């Protein structure tokens, strides 16, 4: 059995109460601190976990996310300037100077383009 397959489902997290759907029959509420050690989260519920502090995420191997606008101009196209300056370009850029946010940047004459059946972000 996979670790994500359980007979109970986590539904709601309100203040310090957790609501579960047990065996698809009834809904039960528990105090969060009483259930914390005994319940495994489903994969879809991992995003609901509050990490709490920067140190805990660092222990998990996650490095800080630094905005491009606070970097130097040698590090990011949005960097530099005096104070909090706008992007200063036609469109937002990636750290490598490619256009970001909804613009196709793949070369159309690339030989492997014909092997792609469907793009990753198309439904």
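The values are calculated or read from the model by the stated rules, or taken from the named source; none is laboratory data. Since the model is a prediction, treat every value here as computed from it, not as a measurement.
The single residue among 61, 80 that is in the same structural domain as residue 97 (by TED's automatic domain parsing) and modelled with pLDDT of 90 or more turns out to be 80. Can you tell me which residue is nearest to residue 96 (Cα to Cα) among those in the range 52-62 that are in a loop (DSSP other than H, G, I, E, B) and more than 13 Å from the chain's Cα centre (by Cα)? Only one residue tops the list, namely 61.
Is the range 32-48 home to any residue that is part of a strand (DSSP E or B), under 23 Å from the mean Cα position of the chain (by Cα) and at pLDDT 75 or above?
There is no residue in the range 32-48 that is part of a strand (DSSP E or B), under 23 Å from the mean Cα position of the chain (by Cα) and at pLDDT 75 or above.
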